[in-house]
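Q: Take this structure first; my questions come after.
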Amino acid sequence: MNETNDVFSSSTPLNIGIIGFGPFAQFLAKTMIKQGHILFATSRSDHSQLCSQLGVKFFKEMDPFLDSNNYDVILISTSILSLSQVLSSIPFHLLRQRTLFVDVLSVKEYPRQLLLQVLPEETDVLCTHPMFGPESGKNGWEGLAFMYEKVRIRNEDTCSRFLQIFRSEGCRMVEMPCEEHDRQAARSQFLTHTIGRVLAEMDIKSTSMDTKGFETLVYLCYLQKNDTIKNSFDLYSGLFLHNRFAKQELKNLELAFETVKQNLLNKMTETS
Ligand SMILES: NC(=O)c1ccc[n+]([C@@H]2O[C@H](COP(=O)([O-])OP(=O)(O)OC[C@H]3O[C@@H](n4cnc5c(N)ncnc54)[C@H](OP(=O)(O)O)[C@@H]3O)[C@@H](O)[C@H]2O)c1
């Protein structure tokens, strides 16, 4: 493809169908609409009012959603825990053309495996994790990481036009296997959520003499309680149940806590 075609192609709007129109999909939709893409959505709950304000055509039922459009992309943005149930409710035979399926779940090996299992062979698959949300991305996406793996891509043009949505907003594009994503995310994301939950459970609050270190802990606790993603227990348990590396991280945390405690107890015995 020559450069002129490339520019034309990347600026051609995509027909994007969204399955699962929760807080994260709503957040992504605003930028996609701003860029001129044409959006359709379906979800368990009725989001038709919000959709009409945003300029998204909403379908209460899956059949007319699939049957009424030629989708370039179908974006899956359901909770991790409901993915399997949602995928099994999709009437794939109603797809009108070869479509790129993209998921944005915060774990990656699990949707990768499930999508390859249930999607028709002729569909393309892109697994992604935008490493930001409505809170961290509220002032734009410049410099924020966007992880992806091209799992089964035959239509490179559609795939690159989809990735362009994030690239053109200034995201740091990170191409990485889903397995490696989960290994790293178990340490970074799952551990952050776990420590945040422990601090929230302890209800730590600012004091009149906070150190920088303690300010960081208070901030982590604040994020856990107030982030607009609400850090639902569903999301947290999804990060644990569907990332095989998370279980090891929880064990590592318990072991590390025991070691720190034991070192203190040893010191106490030594000095008494
Ligand atoms: N929020 C973030 O910052 C962020 C960042 C990156 C990736 N993600 C990923 O994006 C996805 C969506 O996240 P989210 O923040 O919008 O919240 P979420 O709670 O993880 O997902 C909410 C969505 O899942 C649907 N859903 C939940 N249970 C369902 C069920 N039993 N059957 C059918 N649909 C069900 C909801 O449908 P209704 O709304 O119709 O009830 C809603 O569309 C998640 O997989 C998450 O891991 C989130």
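The values are calculated or read from the model by the stated rules, or taken from the named source; none is laboratory data. Keep in mind that this is a model prediction, so the values were computed, not measured. With ideal geometry, Cβ positions are generated from the backbone for all residues, glycine too; neighbour counts draw on all protein chains shown.
Q: Output the residue which, of all residues in the stretch 139-164 that are in contact (Cβ under 8 Å) with a residue 60 or more places away in the chain and farther than 22 Å from ALA185 by Cβ, is farthest from the chain's Cα centre (by Cα). Working first, answer last.
A: Taking the stretch 139-164 and keeping what is in contact (Cβ under 8 Å) with a residue 60 or more places away in the chain, we get 141, 157-158, 160-162, 164.
Those still in the list that are farther than 22 Å from ALA185 by Cβ too: 157-158, 160-161, 164.
Numbers: ASP157: 23, THR158: 20, SER160: 19, ARG161: 19, GLN164: 17 Å.
Applying the filter and picking the extreme gives ASP157.
Q: Hey, another quick one. Please state which one of ASP182, ASP227, ASP210 is at pLDDT below 95 and either touching a Gly at 6+ places or on another chain (Cβ under 7 Å) or not polar (S, T, N, Q) (or both).
A: Just one listed residue meets the conditions, ASP227.
Q: With the structure loaded, tell me whether GLU169 is part of a loop (DSSP other than H, G, I, E, B), within 15 Å of the ligand (Cβ to nearest atom), within 22 Å of ASP72 (Cβ to Cβ) and touching a residue at least 40 places away in the same chain (Cβ under 8 Å) or whether it fails that test.
A: Yes; evaluated as a whole, the condition is true for this residue.
Q: Looking for whichever is exposed (fewer than 14 other Cβ atoms within 10 Å of the Cβ) and touching a residue at least 24 places away in the same chain (Cβ under 8 Å) here; the options are LEU126, LEU100, LEU94, LEU114. Which one fits? Give the steps one after another, and end with the answer.
A: Values: LEU126 fails: exposed (fewer than 14 other Cβ atoms within 10 Å of the Cβ); LEU100 fails: exposed (fewer than 14 other Cβ atoms within 10 Å of the Cβ); LEU114 fails: exposed (fewer than 14 other Cβ atoms within 10 Å of the Cβ).
Criteria check complete, one pass: LEU94.
Q: Just give me the residues in the stretch 53-108 being aromatic (Phe, Trp, Tyr), more than 15 Å from the ligand (Cβ to nearest atom) and more than 22 Å from the chain's Cα centre (by Cα), in sequence order.
A: Of all residues in the stretch 53-108, those aromatic (Phe, Trp, Tyr) come to 58-59, 65, 71, 92, 101.
Okay, now just the ones that are also more than 15 Å from the ligand (Cβ to nearest atom), so 71, 92.
Selection gives PHE92 alone.
Q: Just a yes or no: is a residue in the stretch 156-165 at pLDDT 95 or above, crowded, with 17+ Cβ neighbours inside 10 Å, assigned by TED's automatic domain parsing to the domain that holds PHE132 and basic (Lys, Arg)?
A: Taking the stretch 156-165 as the starting set, the residues that turn out to be at pLDDT 95 or above are 156-165.
If we keep only those that are crowded, with 17+ Cβ neighbours inside 10 Å as well, we get 158-159, 161-163, 165.
So of that shortlist, the ones also assigned by TED's automatic domain parsing to the domain that holds PHE132 come out as 158-159, 161-163, 165.
Narrowing further to those that are basic (Lys, Arg): 161.
Yes, that holds for at least one residue.
Q: Just a yes or no: is a residue in the stretch 64-72 surrounded by 22 or more Cβ atoms within 10 Å (Cβ to Cβ), in a helix (DSSP H, G or I) and of a type outside the set (D, E, K, R)? Explain how you work it out, then say what you get.
A: Step one: of the stretch 64-72, the residues surrounded by 22 or more Cβ atoms within 10 Å (Cβ to Cβ) are 65-66, 71-72.
Subsequent filtering for residues that are in a helix (DSSP H, G or I) retains 65-66.
In the following step, the residues that additionally are of a type outside the set (D, E, K, R) were identified as 65-66.
Scanning the stretch 64-72 turns up at least one residue that is surrounded by 22 or more Cβ atoms within 10 Å (Cβ to Cβ), in a helix (DSSP H, G or I) and of a type outside the set (D, E, K, R).
Q: Please work out which residue is farthest from the chain's Cα centre (by Cα), limiting yourself to the stretch 26-47 and to residues that are over 22 Å from ASN70 (Cβ atoms), more than 9 Å from the ligand (Cβ to nearest atom) and free of Cβ contacts under 8 Å to residues at least 40 places away in the same chain.
A: The initial filter retains those residues of the stretch 26-47 that are over 22 Å from ASN70 (Cβ atoms), namely 26-27, 30-31, 34, 44-47.
Narrowing further to those that are more than 9 Å from the ligand (Cβ to nearest atom): 30-31, 34.
So of that shortlist, the ones also free of Cβ contacts under 8 Å to residues at least 40 places away in the same chain come out as 30, 34.
Working: LYS30: 16, LYS34: 20 Å.
Within the stretch 26-47, the match that is farthest from the chain's Cα centre (by Cα) is LYS34.
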